[in-house]
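Colleague: My structure is below; once you've seen it, I'll send some questions.
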Amino acid sequence: ATRTKSADVERADSGIGQMPARKWRNRASETLSSLQAWEAHRPCTDCGERDLPVETDVQNCNQRRADLCEKCHKRRTERKESVLEFVNTEASYGEDLRIIKEEFYLPMQAAGLLSQEQLQGIFSNIQELIDLNENFLEILQEEIDQAFDQGDDDLMTVCIGEIFLEFVNMLPAFQTYCLQQSSSVNMLNALEKEKELLRIFLNVSQNDNTALRRMNLRSFLMAPLQRVTKYPLLLSRIIKATTEYHPDHGSLREAKSRIESHLEHINMKTKQEGNTWTLRSFRQDSKKKREVINIEMRETALKTVGWLREETRFVMEGSLQLAQPPDGQWVKKGSKTLKFQNMQVLLLVNMKRVSESSLESAEPGPVKDAVLVLIRDKNNGKFHLLREPLRLSNCIVSTDPDCDDTFELIEIRREAFVFRDSDRARTHHWFRQIRRYSRELGSWKKRRNALPNIMISTPHTRP
């Protein structure tokens, strides 16, 4: 009884009665309940929603990521499966290419069944496709292995889109093979009827060679066509399972668009050559025609300059308005006095390769050359060059404050051109890019930072 009275005195002296103490305990209980509720409905690390179910089974909690909602967990699983499918099917495609070379091409060459010209006609650029596949697959496999080593079991750090864009130069190689496919099959059919030894070799190989899986040469020769048409489907699966804020989402969409445009371009070429077969078409949007035209213009430009594709960088391309002033006095009169015509313009830069690796060669090296290719608008289904390419090593680019909607390019001792874009900001961007490379090239680049001077005589130099 004495102890109880002492306790009562002490509690009264502290200033905290029964009612405040009860409120304090209730508030602490509410806070604990709130924390438990937040933990039970914590936000998903992928989507940010708070719909995580409470895991009562410890084993289930360990099996499933505790910081992912059910929807995002399923999406990650689908993305991982799609990425692995992309890599595994690329490996299977590479194995078919190896069979074409080692089980058909090399034995036929060693036995002298066909001449080198006939082998080239049937197998086309198969070696180029083999090299591209090996390099592409090596980088893909390295990314997968690195992700697993870093504990990324969901392969979220693997960026298929970025890797695909690094190897985008393999698409023209597919185009070369596809365009020759019809003539290759026709040549094979004719030679098989003509040469008995060839016919016997192909029959024995199909029936007795277990590596061929009872498939004939024609089936294997279709592998590149089947592979290039499967890329959009595989990329679509990965895109569907990749959230919009993932760093590879934009690259995946661009990669899918690039391959679809190349397929449309291949179909267009086959129709022009009179072939009846076409590849599967995927493009349905309004950008299809523009992208296909860009591919065709790049091919025209590459053939004109004669550069290697892997050493060429397309810095800018698009429509510009062009005029050729009769004298250097046009600035005083204004650009409105000039007669402009629409032109397709491509700025190409030839870069030295820093490595033999396809991935590393995309890194910019020293500039060897830079040209401006001028192409007239398409006429009768074909592009026509206005003139030979303008080599920026022999050009001076300048602008005038009185005509800030145009810029002038002077080819030393030859011609002068005035360019403009419908958008003034784009005109300035073109000017800066062209001037940059013109200053880097040419034996006269140290003269006044590549500006006109008395050492350069041209009738079109501005006063």
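Quick note: the coordinates plus some simple rules give every number you see, no bench work behind them. Here the structure is a predicted model, which is why all the values come from computation and not from measurement. All Cβ positions, glycine included, derive from the backbone under ideal geometry; neighbour counts span all protein chains shown.
Colleague: Beyond 25 Å, how much of the Cα-Cα pair distribution for the stretch 70-277 remains, as a whole percent?
Modeller: Result: 45 percent of Cα pairs exceed 25 Å.
Colleague: In nanometres, what is the gap between the two model label sites at LEU165 and ALA91, each 7 Å from Cα along Cα-to-Cβ?
Modeller: 2.7 nm
Colleague: Hey, which of these cross-link pairs are over 29 Å Cα-Cα: LYS271/LYS303; LYS256/LYS303; LYS303/LYS368; LYS101/LYS193; LYS195/LYS269; LYS101/LYS269?
Modeller: LYS195/LYS269
Colleague: DSSP loop GluC sites (Glu not before Pro) in the stretch 172-263 with at most 15 other Cβ atoms within 10 Å of their Cβ, which ones?
Modeller: In loop regions of the stretch 172-263 (DSSP not H, G, I, E or B), the sparsely surrounded GluC sites (Glu not before Pro) are GLU244.
Colleague: Moving on to the next point. What is the distance, in nm, between label points placed 7 Å from the Cα along the Cα-to-Cβ direction at GLN324 and at SER219?
Modeller: Placing both labels 7 Å along Cα→Cβ, they lie 6.0 nm apart.
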